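First comes the structure, then the notes that go with it.
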Amino acid sequence: MPDVPGTALDVLPAAGAVALAGDRDPWPALVALWLDSGFSPRTREAYGRAVAEWTRACEAWGIHPLDARRPHADRWARDLEAAGQASTTIGRKLASVASVYAYALDEHLIDASPLAKVKRPKTTDRHQAPGMTLDQARAFLAAADADGPRTSALMRLLLANGLRVSEAIEADVDQLGHERGHRVLRIVGKGSKAATVVLAPPTARAIDAYLAGRTAGPLFVTATGNRLDRPAVWRTIRRLAKRAGLGDLQLSPHSLRATSVTLLLDAGASLRDAQDHARHADPRTTRAYDRARGSLDRAGTYQLVAYLDA
């Protein structure tokens with residue numbers, strides 16, 4: 001990150017709240033304690049990346065993170081925006097850094113948080129992950145089926161069930177089962193919440209064909225028997241997108257989740273059912289995936305008048 005000479009950052013005094021004992025820096029220990037204060041593993045990973053990025057920015061400015069002021073945070077937000085990062089991504093990063101400073105406040109290491117009054121970017125209510133149309137999704141699944149049993153099983157699970165990539169790769173074989181006549185997969189979702197997802201017959205068949213009788217270990221494994229990791233899933237999705245003629249979409253694992261919710265809404269599912277499918281806590285999150293909600297053909301007045309006339 002570039003230096004910022006000639007700005008208010010050069011003349012602001014340090015907060016004076018950091019008292020270092022010799023060469024011991026309290027910031028790494030503080031961040032470690034904060035990350036271990038009750039977050040789920042996935043949240044710790046995401047928060048840790050954001051705080052590491054903020055720490056590097058402070059180092060570039062020659063300022064200790066515990067001496068940072070609001071203008072530093074404002075400048076960081078502007079730099080993230082200038083780098084082309086999505087408003088939702090910037091908002092998450094600012095929230096992550098604000099959280100560690102709130103922890104520092106509780107521990108009386110600072111008198112005020114530099115993130116306390118920083119304006120968060122406005123986010124659109126339209127989902128930003130690139131999704132696929134119905135025909136594109138069909139072509140993508142065909143490419144996945146042709147790639148092999150593991151790819152077919154994984155991509156059908158991500159697309160047909162809208163699983164987050166971490167939920168799929170962290171699942172174990174013994175989490176598969178039956179419930180009230182349905183094939184199911186019991187997962188640990190966002191926020192460490194347990195969830196039971198129903199497997200449609202094509203998805204269940206693909207998983208059974210891939211497992212070929214295996215009854216233990218990670219659900220998705222590498223050729224060496226290790227658990228499949230996130231970068232491998234990313235690479236597979238990009239490869240399949242090219243084979244299906246969708247390379248321009250720049251698909252990601254979350255694109256499959258976005259496609260899952262969007263196509264379910266396109267198929268006529270209610271917002272409530274789509275919210276349950278995606279396991280969203282807030283229906284507004286689900287609604288952001290609805291590409292056709294502005295269609296005049298779906299204006300509520302048609303349905304209401306038809307009901308009144310009937």
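Each value in this text was obtained by applying a stated rule to the coordinates, not by laboratory testing. As the structure is a prediction and not an experimental result, all values here were calculated from the model. Methodologically, a virtual Cβ is constructed for each residue, glycine included, from the backbone with ideal geometry; neighbour enumeration extends over all protein chains shown.
Relative to the longest principal axis of the Cα atoms of the chain, helix 300-309 runs at roughly 40 degrees.
When each of the peptides 137-143, 173-179, 96-102, 304-310 is scored by how many other beta carbons lie within 10 Å of its residues on average, the order from highest to lowest is 96-102, 137-143, 173-179, 304-310. Placing R0 at 35 angstrom, the Cβ-Cβ distance between ASP282 and ARG243 gives a FRET efficiency of 0.45 after rounding to 0.05.
Once Rg and the Kirkwood radius are both taken over the C-alpha atoms of the range 208-310, their ratio Rg/Rh works out to 1.14. Kirkwood's formula applied to the C-alpha pairs of the range 134-297 gives a hydrodynamic radius of 16.4 angstrom.
If you plug the beta carbon distance of SER192 and ALA146 into 1/(1 + (r/R0)^6) with R0 = 30 Å, you get a FRET efficiency near 0.25. Each peptide in 207-215, 230-238, 148-156, 60-68 gets a packing score, the mean of other Cβ atoms within 10 Å over its residues, and the list from highest to lowest is 148-156, 60-68, 230-238, 207-215. A straight Cα-to-Cα reach below 28 Å connects LYS119 with the lysines LYS93, LYS190, residues fewer than 8 places away in its own chain not being considered. Comparing PRO149, ALA86, PRO41 along the charge dipole axis of the chain, the residue lying farthest to the positive side is PRO149, per the Cβ-charge model. Each eigenvalue of the Cα gyration tensor of the chain, multiplied by 5 and square-rooted, gives one semi-axis; in descending order these are 42, 26, 19 Å. For the chain, a simple Cβ point-charge model (Lys and Arg +1, Asp and Glu -1, everything else neutral) yields a dipole of about 760 debye relative to the Cα centre. Per residue, the convex hull around the alpha carbon atoms of the range 20-71 comes to 89 Å³. Note on HIS178/ARG235: beta-carbon distance plugged into 1/(1 + (r/R0)^6) with R0 of 41 Å gives a FRET efficiency of 0.80.
For LYS117, the aspartates and glutamates whose Cα comes closer than 19 Å to its Cα, not counting residues fewer than 8 places off in the same chain, are ASP67, ASP74, ASP79, GLU81, ASP106. The C-alpha atoms of the chain define a longest principal axis, and helix 230-243 lies at about 50 degrees to it.
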